Amino acid sequence: MDSTRGEFALIERFFKERGIKRADVPISVGDDAAILAPPANSHLAVTTDTMVSGVHFDAHTPIDALGHKLAAVNLSDLAAMGAEPAWASLALTLPDFDETWLDQFSRGLIETLDYHHCSLIGGDITRGPLTLTLTVHGFVPKDRYLLRSGAQPGDRIYVSGTLGDAALALALQQDKLSVACDISVREALNERLFRPTPRVMLGTLIRNQANSAIDLSDGLAGDLKHILTASKVGARIDLGLLPRSDAFAASVSLEQGWPYQLVGGDDYELCFTVPEGRRGAFETISRQAGVAVTAIGVIEREPGLRFIHAGKEIQCDHLSYSHF
Ligand SMILES: [Mg+2]
């Protein structure tokens, strides 16, 4: 890490001395490179996400939530591959060296990494416009990773948790929508925007039953299309089945909610497909994941994504995307 002496001490305090120490990291933060001991019979899954100030977050976001979210969006990508998190590497670009900021950011980041038994193994800090980048590494048993490309006609499509909360929170924050809801509802929605929950346990539990998976970062419609394209299939989604949180249902009607659920993004839930013959085993095992899963549609042979509600086809173009 490139810094003066005082800054170096702070980095040691906030990033090296905090967090769990895994046994498979003989050498971590503090030398020229980390030395890692990957397990035998596993594949390594690696992903990187960057969050840029003014693009991915603004001044409304609590600083510890920035650390949490940076970890969560990366862990969510590992979850979508069925991988268990192990190691993380951080690159920070900061306009100035603010001790309070670093303290709060590192708390949020490391609490979330710790929760998923992921060690911070190194990184770099430079000066410039506020930009946060994290690379996470995880393990998946050999040839047992989940891809976007395995869906087959007849498979059931599932999503975890609820959809649309984060996008609704953002619309309310930016005054693109005004809803008379009480403060606890606003807080519940903001929590989903600021502190998404990566579905790491679910991702590892469904490795044997799911045949395709993706995490929902850009919104269900766009992300599911990645599965459809990679798997060369189509799908039908029943809009009435899209899972809604209590806070979401208290704020918008069913139809008002669809744009947030379909194209809003920032959900960090998993979307995956399960063949009919594995649904029983899947529904049993998914109960261990501590998050509800909801069947929302079915994979079809005919390409394209179709929406139905109350038995009738709904044209996607007719959904109101005006908020976005
Ligand atoms: Mg992803």
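The values are calculated or read from the model by the stated rules, or taken from the named source; none is laboratory data. Here the structure is a predicted model, which means the values were calculated and not measured. No Cβ is skipped: glycine too gets one built from the backbone with ideal geometry, and neighbour counts run over all protein chains shown. Surface accessibility is based on the protein's heavy atoms, side chains included, excluding ligands, DNA and RNA. Shrake-Rupley method; radii C 1.70, N 1.55, O 1.52, S 1.80 Å.
Remarks
- Of 17, 111, 191, the one that fluctuates the most in a GNM where the chain has Cα springs shorter than 10 Å: 17
- Backbone N under 20 Å from the residue 312 label point (7 Å along Cα→Cβ), restricted to region 234-249: 236-242
- Computed E for residue 177/residue 22 - FRET, C-beta separation, R0 56 angstrom, nearest 0.05: 0.80
- Cα-based shape type of the chain, given that a ≥ b ≥ c are square roots of the gyration tensor eigenvalues and the cut on a/c is 1.5: oblate
- Solvent-accessible heavy-atom area per residue, rounded to whole Å², over the chain at 1.4 Å: 45
- The length gained on full extension between residue 256 and residue 107, counted as 0.36 nm times the residue separation minus their Cα-Cα distance, comes to 50.0 nm.
- Share of carbon and sulfur in the accessible heavy-atom surface of the chain [1.4 Å probe, %]: 50
- Taking the C-alpha atoms only, the angle from helix 183-194 to the longest principal axis of the chain is near 70 degrees.
- Förster-model FRET efficiency, 30 Å R0, residue 279 and residue 55, C-beta, rounded to 0.05: 0.15
- Region 64-168 shape via C-alpha gyration tensor axes, a/c threshold 1.5: prolate
- Within the same chain, lysines fewer than 8 places from residue 21 are excluded, and of the rest, those with a Cα less than 23 Å from its Cα are 69.
- Part-to-part distance (alpha-carbon centres) for region 13-66 and region 255-279, which is given in Å: 28
- If R0 equals 25 Å, the separation of the Cβ atoms of residue 32 and residue 127 corresponds to a calculated FRET efficiency of about 0.75.
- DSSP finds beta bridges in the chain, and of those with both partners inside it, around 75 percent are antiparallel.
- Region 156-318: C-alpha gyration tensor shape, a/c 1.5 cut-off, then a/b vs b/c: oblate
- Pairwise centroid distance, computed over Cα atoms, of region 284-311 with region 120-159, Å: 22
- Charge tally in the Cβ shell below 12 Å around residue 247, where Lys, Arg are +1 and Asp, Glu are -1, residue 247 excluded: -2
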